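Each remark here refers to the structure printed beneath this line.
The values are calculated or read from the model by the stated rules, or taken from the named source; none is laboratory data. This structure is a prediction, so every number in the text was calculated from the model and none was measured. Using ideal geometry, Cβ is built from the backbone for each residue, glycine included, and neighbour counts are taken over all protein chains shown. Keep in mind that these areas ignore ligands, DNA and RNA; they rest on the heavy atoms of the full protein, side chains included. Shrake-Rupley method; radii C 1.70, N 1.55, O 1.52, S 1.80 Å.
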Amino acid sequence: MNRLLEIYARGLINSLPKEQVLFCADMLREMHSNMDGQTRDFFKNKTIRYQAKLDAALEIFTDNFELQSFAKTLAANSRLDILPDVIKFFPDYALKFLDKTPAKVTLKVEIDEEIKNQIENFITENYGKNTPIEYAYKPNMIGGIVIKYRDNEIDLSINNKFEGLKEALIN
């Protein structure tokens, strides 16, 4: 399935003016975060007429001609069923394609500006000044920080320290 999503995501990127790729990625990320299970089920449902799905897709993309054209391409290939998956897949793929992969910072709770500035300085020094940063919060973390960038992970979480102690005690 990922290969199919990658093909359609690359096709969408190639159909967009370069300056619109990030805009569309942000737009689709927002759409995905607001998408409910009913919308996903609607496009997956094989009993719903093709034209109804196409009309819904065009309505979703009402403000963007390029995305409407993309929906028509999916419809022409009888692949409107994967539209919610493409909407989910595209933002991260576009960032990788444009070499704008974000550093993902995971913390237990929201942090103050001073600590955010320290994290941003660290990421700038180690990964480059144009590296975007995405913050995620996991209440189940005991504490600490995890920074992921591409294949590199710095895990300074207390959870990781406990796992290390657990392994040491077991062995």
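To put it simply, the accessible area of the stretch 81-171 at a 1.4 Å probe is 51 percent carbon and sulfur.
Ranking 144, 131, 159 by Cα position along the charge dipole of the stretch 106-171, where only Lys, Arg, Asp and Glu carry charges on their C-beta atoms, puts 159 farthest toward the positive end.
Note: relative contact order over the stretch 104-171, using C-alpha pairs below 8 Å and six or more positions apart, is 37 percent. Treating each Cα of the stretch 64-132 as one equal point scatterer and applying the Debye formula with no solvent, the log10 of I(q)/I(0) at q = 0.11, 0.22, 0.29 Å⁻¹ comes out as -0.47, -0.96, -1.25.
How tilted is helix 158-170 with respect to the longest principal axis of the chain? Cα atoms for both, answer in degrees (0 to 90, nearest 10). Orientation of helix 158-170: about 70 degrees from the principal axis. Exceedance of the 21 Å cut-off in Cα-Cα distance is limited, within the set 53/88; 88/129; 44/72; 18/116, to 88/129; 18/116.
Model label points for residue 55 and residue 34, set 7 angstrom from Cα along the Cα-to-Cβ axis, are 2.1 nm apart. Taking the C-alpha atoms only, the angle from helix 65-76 to the longest principal axis of the chain is near 70 degrees.
What is the extension gain from residue 125 to residue 155, computed as 0.36 nm multiplied by their sequence separation minus the C-alpha to C-alpha distance, in nm to one decimal? Mind dumping the intermediate values first?
Values: separation 30, 0.36 × 30 = 10.80 nm, distance 1.78 nm.
In short, 9.0 nm is gained.
If each Cα of the chain is one equal point scatterer, what is log10 of I(q)/I(0) from the Debye formula at q = 0.15 Å⁻¹? Here the Debye-derived log intensity ratios amount to -0.92. Once the 1.4 Å probe is applied to the protein heavy atoms, the chain comes out at 63 Å² accessible per residue. Each helix, a run of at least 4 DSSP H residues, gives -39500 (n - 2.57); summed and divided by the residues of the chain, these come to -19500 deg cm²/dmol at 222 nm.
A cut-off of 5 Å between modelled amide H atoms, ignoring neighbours fewer than 5 places along the same chain, links residue 145 with 156, 157, 158. Taking label positions 7 Å along the Cα-Cβ direction at both residue 2 and residue 116, the computed distance is 3.2 nm, reported to one decimal.
Restricting the calculation to Cα atoms, the stretch 25-86 yields a radius of gyration followed by a Dmax of 10.8, 31 Å.
Across the chain, the mean sequence separation of Cα contacts (distance under 8 Å, 6 or more residues apart), normalised by length, yields a relative contact order of 21 percent.
In order along the stretch 6-22, the phi-based Karplus estimate (6.51 cos²θ - 1.76 cosθ + 1.60, θ = phi - 60°) of 3J(HN,Hα) comes to 5, 4, 5, 5, 5, x, 5, 4, 5, 8, 9, x, 3, 6, 9, 4, 5 Hz; Gly and Pro are listed as x.
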